[in-house]
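A short write-up of the structure that comes next.
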Amino acid sequence: MDVRTALGVVGALLTWFAVAFVAPAAVALAAGEPPWPFLVAGVVVAVTGLTLRRLTGERPPLGVREGFLVVVAVWLLVPAFGALPFLLGHVPQLDHPVDAYFEAMSGFTATGATVLTDVNALGTDMLFWRQLTTWLGGAGIIVLALAVLPRLRIGGRELLRSELPGPVETESLGATVRGTARRLWKIYLAVTAAGVLLLAGLGWAGLDRRMDLFTAFSYAMSAVALSGFAPEADSARGLAPVTQWVLCALMVVAGLNLLRLYRLAVLRQFRAGFRDEELRLYLALLAGSAAVLTVELFADGTVDGLGGVRHAVFQAVSVMTTTGLATLDWSSWGTLATLTLLALMFAGACAGSASGSVKVVRHLILFRFARRELAQAVHPDAVLPVRVSGRVVDQPALRSALLFALLYVLALAFGTLGLALDSRVSTPGTGVLTALGAAAACLGNIGPAFGELGPYGSYAPLGGLSKVILTALMFLGRIEIVPLAVLLRRGYWRA
């Protein structure tokens, strides 16, 4: 285990991350607000990164073992540095380190949970930084891997897989990891640009007068990153119906495997897309859950007319893709609709997207594995390989899916227990469903939960320990638990 090599790579990643603070500083200047919180934060990050690189010197290429340490360190440090502008700028609602780190972690993990009680009170510069964190988090480690790829080798591929998780081997779009990452960034930028133009076009055409260029940019970044951060306190509720439909379409597209999306949109490999069982199941689950919610909400009298269909579809897509934007306050819905949303929190979108939660392909693999085991209970000598999209899933991939499912359930259980225990002291009255919903929403990187933690509520009333627990769950959900679990093994640190 070469810790110095890992720290050197972390330093390189932080050095490039420092560039991200230039954009909000420019926005602050344009808005007539002080840019120094972003400039100081950028300098601190750059100095830290350069110092780490200088101390470690020239090291051998990063290996797989060191890659786990890099992933964990980066996803802990980047939100910490990302919280600096909130603290240096003395943002009233984020002036406590725990709250600032919670908000930054929520942004970079594309979760969308917030401790803000009045989003509209933020200045333009802080609003922009908040949206930028979630967009950078959606793209994730890819840009950082690109920056240091020449010295990563095997580790570079591991870092890329940490951003595009999935138990099935990722298809490469290029001969190198750098080529694959560049193509992923191109499609990510293209979808974001298309979203900005579509939303801004609605404003220019007079179809949604609230949709100016800054607002369009903010909502597009949130939808493409599959995060629930919005530049307005009412999330997507006050937007025009046509804008809500556009956001819904953006979330569906952003929930696709970016590798598959590139093949569909650029290489026109439509047959391969049709054979992709994950893609078909993803679209089927979206359609089915939207239909179920529609029936439930109409039966309860919560919605009516075509607008009711729009609200049901939007909420189903938003929760399943782990985005968290909302057009209605689902925390006030009936029991059946609430349980449906809770079930959707465990679905997730496609592997290789910015989505959190379990991911559709893992559900598919686990179902096929269970079906295989039941068949072999009757025919023990039968050879029944597990297949997905016509390809055999090897044993390491099966073990990986099972391990993730086990760790996910354990993290959810311990997180819920911790929230329930802390609520007895700090926030009396928090129910079991609220604690379970909050743990599921943060571990799945969804954001809003139920009750006072719903889409139009805030995590601010929770105690400090609960916020720390939820911050840890957001972190675990983003790195998909396994890297940290590997680091906690004593054998990992042995030669």
> Looking at (1) within 19 Å of the chain's Cα centre (by Cα); (2) outside any loop (DSSP other than H, G, I, E, B), can you tell me which one PRO455 breaks?
Replying inline: (2)
> If we scan segment 209-217, do we find a residue that is under 23 Å from LEU283 (Cα atoms) and in contact (Cβ under 8 Å) with a residue 12 or more places away in the chain?
Replying inline: no
>> Out of everything in segment 290-308 that is of a type in the set (Gly, Ala, Ser) and closer than 17 Å to ARG237 by Cβ, what residue ends up being surrounded by the most Cβ atoms within 10 Å (Cβ to Cβ)?
In response: GLY308
> Looking at (1) modelled with pLDDT under 90; (2) farther than 29 Å from LEU77 by Cα; (3) in a helix (DSSP H, G or I); (4) not β-branched (Val, Ile, Thr), which is the only condition SER400 fails?
Replying inline: (2)
>> Among the residues of segment 419-431, are any touching a helix residue (DSSP H, G or I) at 6+ places or on another chain (Cβ under 8 Å), in contact (Cβ under 8 Å) with a residue 24 or more places away in the chain and either of a type in the set (Gly, Ala, Ser) or on the phi > 0 side of the Ramachandran plot (or both)?
In response: yes
> Given the residues LEU374, LEU433, which is the only one that is modelled with pLDDT of 90 or more and not in a loop (DSSP other than H, G, I, E, B)?
Replying inline: LEU374
> Does TYR188 meet the test of being at pLDDT 95 or above and either part of a helix (DSSP H, G or I) or touching an Asp or Glu at 6+ places or on another chain (Cβ under 7 Å) (or both)?
Replying inline: no
>> Step by step: first the residues of segment 430-477, then only those that are crowded, with 24+ Cβ neighbours inside 10 Å and among the aromatic types (Phe, Trp, Tyr), then the one that is nearest to MET345 (Cα to Cα). Which residue is that?
In response: PHE450
> Of (1) without any contact (Cβ under 8 Å) to a residue 60 or more places away in the chain; (2) more than 18 Å from VAL253 (Cα to Cα); (3) exposed (fewer than 15 other Cβ atoms within 10 Å of the Cβ); (4) not charged (D, E, K, R), ALA287 satisfies all except one. Which?
Replying inline: (2)
>> Please count how many residues of segment 1-45 are part of a helix (DSSP H, G or I), surrounded by fewer than 16 Cβ atoms within 10 Å (Cβ to Cβ) and not charged (D, E, K, R).
In response: 9
> Would you call PHE404 of a type in the set (Phe, Trp, Tyr), out of contact with any helix residue (DSSP H, G or I) (no Cβ under 6 Å at 6 or more places or on another chain) and in contact (Cβ under 8 Å) with a residue 40 or more places away in the chain?
Replying inline: yes
>> Please determine whether any residue of segment 433-442 is in contact with a helix residue (DSSP H, G or I) (Cβ under 9 Å, 6 or more places away or on another chain), polar (S, T, N, Q) and in contact (Cβ under 8 Å) with a residue 40 or more places away in the chain.
In response: no
> Looking only at segment 396-429, which residues are acidic (Asp, Glu) and buried (at least 24 other Cβ atoms within 10 Å of the Cβ)?
Replying inline: none
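The values are calculated or read from the model by the stated rules, or taken from the named source; none is laboratory data. This is a predicted model, so every value here is computed, not measured. Please note: Cβ atoms are built from the backbone with ideal geometry, for glycine as well, and neighbour counts cover all protein chains shown.
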